[in-house]
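Structure, as structure tokens:
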Number of protein chains: 2
Amino acid sequence: MKTIAIDLGGTKVKMGVVSDGKVIASAKIEANSSRGFLPLKPEIEDICTKWMRIHSASGIGIAFPSLVDCERKQILGHNDKFNDCEGFDFEKWIHERFGLPMVLENDANAAALGEMGYGAALGCKDFVLMILGTGIGTAAVMDGRLIRGKHYQAGNLFGHIPQQGNGRSCAGCPGFGCIEAHASTWALKEIANESPLASPLKNEPVLNFKILKEYYDAGDPLAASIFEECCDSWRNCLIALIYAYDPEVVVLSGGVLNWGNELPERLFREVKKRVWTPWGKLQYRTTQNPEYSVLLGLHYLNQIQSEKE
Amino acid sequence: MKTIAIDLGGTKVKMGVVSDGKVIASAKIEANSSRGFLPLKPEIEDICTKWMRIHSASGIGIAFPSLVDCERKQILGHNDKFNDCEGFDFEKWIHERFGLPMVLENDANAAALGEMGYGAALGCKDFVLMILGTGIGTAAVMDGRLIRGKHYQAGNLFGHIPQQGNGRSCAGCPGFGCIEAHASTWALKEIANESPLASPLKNEPVLNFKILKEYYDAGDPLAASIFEECCDSWRNCLIALIYAYDPEVVVLSGGVLNWGNELPERLFREVKKRVWTPWGKLQYRTTQNPEYSVLLGLHYLNQIQSEKE
């Protein structure tokens, strides 16, 4: 069976056709998520229509970068991304436009299921996942079951745990000093501007980890300082996940991993130094294709749903 | 039925006879937990023996202030308190000395069960608990079940989530900047000494929240600054618990609540301001008797165990 998977990311919409746990076709669209979802709908429909002709997909999966009620297929909180999705009837849209069943899931939950089904957490029943994209996504599996919680928000908001008394205000929640506000793509430009360090980096009109890496490699002290602060924050996020869900395996995913091996090596080294697990040693893994975890998870969910029906 | 409950706290050992969810007799012993458990054993035995003569207890419950395997009845990590308990056979001791069945549990887990069975979380299936004693204990119940995790450490170590890049080193774990290292009884003396603020508080040979409150009430600026930092750290701990377990109710317990209403009011106000729960409003509760949550929970566990047998 095949799934058309749509990962609504804060920066890019990633789409793919997934068959037997492999992405066999893919596409990317600029997201401009602050402008909403509706402006992107025609282009997403065009790609789906094209793929429907070529591949006989049996379902469509959509991942959303904030809180999702996967049973009622509704957006619960938009987190300042794709605000017009609140109240939007995804199921009706997909059914009327393509005549297919669909699944809707939080992006980090989807990534966790993708890694459990086909990737870095294959065969693992207790693991946590942190996915570094535009923001920070988190999810956890305990005893083989995805943690969802009473209101579908358990495990997904670790990027919003406050770290500091008077930290940066957060674009995605009412909080201050959130991990995400100190260590994510959307916050990079402001973090750079607020630093007392001088650097040509401050003249970049847009900042992401790809650009930051270029400055970092050239020895820019501001880039080095930002990268260090990000690693500290991500480390704290991972330790919080470990203490919350008591996993065997820690999985790291997301486009920010294109930074290179230095990122997971440094991050995992720092976690290992500080985390307290008297039962033994955690395993630390990165995904093979950090851009595809979410797409794979949507396929996994589509498979589960079609088996139920 | 009646339970003899023993709460091995970092500062005091609290003991009680619990009947039908009420503490009908109680005793306190100085713990000096850094000297270990064995020096306290004779006194604990004397009190138990006395109570056995008066009350016909059907079981004994012991709560430990660190990680516990409640199935095998073993201590998993001592957290620098009662180090000699690692490997100690509690079940054998209780059986040989008193001929009674026993339960062993992490203190915060016991407190959560006590509040669920008889207290602030009565009838509640999704709640988190933070208990402020010598350290910070945390526990969570999701869908009516205590969260334990693959290695019995899920939910209990939120006091060890790091908050700051270069925070204080922790007495209880390999980490730095742990919430507990910035906001708990055991850390107060060092926190005071390290402050640049001048205060007679620094001359106190021992510090706890009772003494801190006296200085605070007298307008001491160092006491005010420490109390504020503690509230910030506790707030972060509660927000992390909420994001991890998606509860309906937040319960606060522990001897530090003797500070007075100002503490929970301030803390809950700060959490409400920052936490993101698009589904609706959390309920915030304090226990009626913050010193007894753990004892009640041991009784609850003893009842469950005796029903099984």
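Observations on the structure shown:
- Residue count for region A:273-291 satisfying the condition of being surrounded by 15 or more Cβ atoms within 10 Å (Cβ to Cβ) and in a helix (DSSP H, G or I): 1.
- In region B:134-150, residue nearest to the chain's Cα centre (by Cα) [restricted to those that are assigned to a loop (DSSP other than H, G, I, E, B) and farther than 16 Å from B:Glu229 by Cα]: B:Thr134
- Tallying residues that are closer than 26 Å to B:Val68 by Cα and out of contact with any Asp or Glu (no Cβ under 8 Å at 6 or more places or on another chain) within region A:201-255 yields 10.
- Region A:215-248, residues that are facing chain B (nearest Cβ under 9 Å) and not in a helix (DSSP H, G or I): A:Asp246, A:Pro247, A:Glu248
- Flag for A:Leu104 being surrounded by fewer than 24 Cβ atoms within 10 Å (Cβ to Cβ), among the aliphatic types (A, V, I, L, M) and over 12 Å from the mean Cα position of the chain (by Cα): no
- From B:Arg72, B:Arg53, B:Arg97, residue being assigned to a loop (DSSP other than H, G, I, E, B) and farther than 21 Å from B:Tyr292 by Cα: B:Arg72
- One residue from B:Gly260, B:Gly280 being without any contact (Cβ under 8 Å) to a residue 60 or more places away in the chain and closer than 30 Å to A:Ser66 by Cβ: B:Gly280
- Scanning region A:151-180 for residues that are in a loop (DSSP other than H, G, I, E, B), under 24 Å from A:Leu298 (Cβ atoms) and facing another protein chain (nearest Cβ under 7 Å), we see that the one that is farthest from the chain's Cα centre (by Cα) is A:His151.
- Tally, over region A:86-98, of residues that are at pLDDT below 90 and either farther than 17 Å from A:His151 by Cα or buried (at least 21 other Cβ atoms within 10 Å of the Cβ) (or both): 0
- Matching residues in region B:235-255 - criterion: being open to solvent by less than 10 Å² (accessible area, probe 1.4 Å) and farther than 23 Å from B:Trp279 by Cα: B:Ser253, B:Gly254
- Within the option set B:Leu188, B:Leu207, B:Leu212, being away from chain A (no Cβ under 13 Å), in a loop (DSSP other than H, G, I, E, B) and free of Cβ contacts under 8 Å to residues at least 60 places away in the same chain holds for one residue only, B:Leu207.
- Enumeration of residues in region B:1-11 that are farther than 12 Å from B:Ala63 by Cα and of a type outside the set (S, T, N, Q): B:Met1, B:Lys2
The values are calculated or read from the model by the stated rules, or taken from the named source; none is laboratory data. What you see is a predicted model, and the numbers here were worked out from it, not measured in a lab. Ideal geometry is used to build each Cβ from the backbone, glycine not excepted, and the neighbour counts take in all protein chains shown. Quick note on the areas: whole protein, heavy atoms, side chains included, nothing else; ligands and nucleic acids left out. Shrake-Rupley method; radii C 1.70, N 1.55, O 1.52, S 1.80 Å.
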